[in-house]
Amino acid sequence: MRVPRGRARIRLGAPALRARRPRALRLGAALVVTLAGVLAACGSSEEAAPLRIGLLLSLGDEPSTVDIAQQQIVYLAAEHVNEGGGVFGRPVELVVGDTFSPAGAVEEARRLVEDEGVHALFGPGFSADALTVIAEVAAPLGIPVVSSSATSPLLTAAADGDFFFRTVLSDIAQGPVLARLTSDLGYSSVGVIYRDDAWGRGLSEAFLDAWDGDATAVAVDAGESSYLVALEESMQDEPDALVLLTFPPEGRVIMGEALDAGLFERFVFGGGVKDPDFVTEVGIEQLAGTYGVASGHQRGTASAIAWQETAAAANGEVADLIYLRESYDAVIAIALAAQAADSTHGAAIRDQLRAVTDAPGETVIAGPAGIARALAVLAGGGEIDYDGASGPLGWDGNGDLRRGTVGIWRIAADGAIEDVEMVPYPN
């Protein structure tokens, strides 16, 4: 985190801190130090107690390019809020928690709420983590949670007390687009290997419900040393291609074994492996020309352009990675809701999340100028409709987006991941 109006460049690939708990503490301490100037301007820290947002991030000992970029972007969002005057004149403070399993996510969420005193939570990124955090922390403690990448349809019906929201579409929207893409590529029979968790099961079911061809679907657990048995099972009907619905760790093993053994030559990917590290490690030559689907984003709007410009200025390398716009929007929505509520109380923030992201109200956009305007309107008692960097954020009664975009992407000959089509939902 940087002092408001600072222009220090966000560096992709900065040295990762190692130990989980020490890293969270050091990042939190650094954030407090950099806010010292703001607090001094506002008065004592007691008089200017900040809105505190806990970040449930998947960092581990070796965070991926996407994980690092997501952390940088949520800090950028908080910087924009602070540049715009902060929440009711006070700076936003971010406190990092490192999740590494559903149990770990709950432990960190509870620590952030009970020990660090955060008022809302960003994340967690994984659907399985989100389900446990909702059940054991958010709902019982009354803490709003906004995730930018937990897409499982199971989250729609979770007993969350209306404290869970997401800035990304449910996989109910992504499954049909994946089915259409697979058919458009000329495949009529596929093997499907999916991660056996809330995300993998949800996406595979959404895909299979929309798929008109033949399919043999096989569930796999994370962390296995070999997936040859699953690959062979998925091939029993001699499919045209493999639809891979996993995350990079198991995806790398599956792809390596499929290619080395000559089991599959054609693939279609879910968004879990839309990751430049995955492409590099599996092999650009093997993956060039392969397509997938993932969360998409609006194009050409004032908000999309403003976000692209500010993100590229911070670090052009991260501007188009998956879930970054959604992560920015999640932090912004929490801050704007707190401003609208004039409160850091969890229920008060929750009750304003829909109001600040939907009509009526003045339309405001992403980026420093847009966020400053949003805060000023709210501080003056007005209403806003925040048009997010990723797209409109109108939430239904379950905290799901009512509309959005699913992206179709392709791996280019040089290994770059290119967005080739944005499919509106509903269409």
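The values are calculated or read from the model by the stated rules, or taken from the named source; none is laboratory data. All values derive from a computational prediction rather than experimental measurement. Methodologically, a virtual Cβ is constructed for each residue, glycine included, from the backbone with ideal geometry; neighbour enumeration extends over all protein chains shown. Calculation scope for accessible area: heavy atoms of the full protein, side chains included, ligands and nucleic acids excluded. Shrake-Rupley method; radii C 1.70, N 1.55, O 1.52, S 1.80 Å.
Would you point out which residue out of Ala150, Ala135, Ala158, Ala128 is in contact (Cβ under 8 Å) with a residue 12 or more places away in the chain, aliphatic (A, V, I, L, M) and closer than 29 Å to Glu232 by Cβ? Step through it out loud before you land on a result.
On the way: Ala150 fails: closer than 29 Å to Glu232 by Cβ; Ala135 fails: closer than 29 Å to Glu232 by Cβ; Ala158 fails: closer than 29 Å to Glu232 by Cβ.
Selected residue: Ala128, the only one of Ala150, Ala135, Ala158, Ala128 that is in contact (Cβ under 8 Å) with a residue 12 or more places away in the chain, aliphatic (A, V, I, L, M) and closer than 29 Å to Glu232 by Cβ.
Within the stretch 91-107, the set of residues being of a type outside the set (Val, Ile, Thr) and under 16 Å from the mean Cα position of the chain (by Cα) comprises Gly97, Asp98, Phe100, Ala105.
Filtered by the rule that a residue be aromatic (Phe, Trp, Tyr) and under 28 Å from Pro102 (Cα atoms), the stretch 222-279 gives Tyr227, Phe247, Phe269, Phe278.
Mind counting the residues in the stretch 139-163 that are in a helix (DSSP H, G or I) and touching a Leu at 6+ places or on another chain (Cβ under 7 Å)?
Pass one, the stretch 139-163, residues in a helix (DSSP H, G or I): 139-141, 153-157.
Those left that are additionally touching a Leu at 6+ places or on another chain (Cβ under 7 Å): 154-155.
So the count comes out to 2.
Pairs are defined by a Cβ separation below 9 Å, a sequence spacing of at least 6 or placement on different chains, a first member in the stretch 411-427 that is within 16 Å of Val268 (Cα to Cα) and free of Cβ contacts under 8 Å to residues at least 60 places away in the same chain, and a second member that is part of a loop (DSSP other than H, G, I, E, B) and open to solvent by less than 40 Å² (accessible area, probe 1.4 Å); the pairs so defined are Glu418/Ala412; Glu421/Gly296. Tell me, which residue of the stretch 288-303 that is closer than 13 Å to Gly404 by Cβ and in contact with a Lys or Arg (Cβ under 8 Å, 6 or more places away or on another chain) is most open to solvent (accessible area, probe 1.4 Å)? If we take residues in the stretch 288-303 being closer than 13 Å to Gly404 by Cβ and in contact with a Lys or Arg (Cβ under 8 Å, 6 or more places away or on another chain), then His297 is most open to solvent (accessible area, probe 1.4 Å). Applying the criterion of being crowded, with 24+ Cβ neighbours inside 10 Å and out of contact with any Ser or Thr (no Cβ under 8 Å at 6 or more places or on another chain) to the residues of the stretch 144-162, the residue that is nearest to Val74 (Cα to Cα) is Val145.
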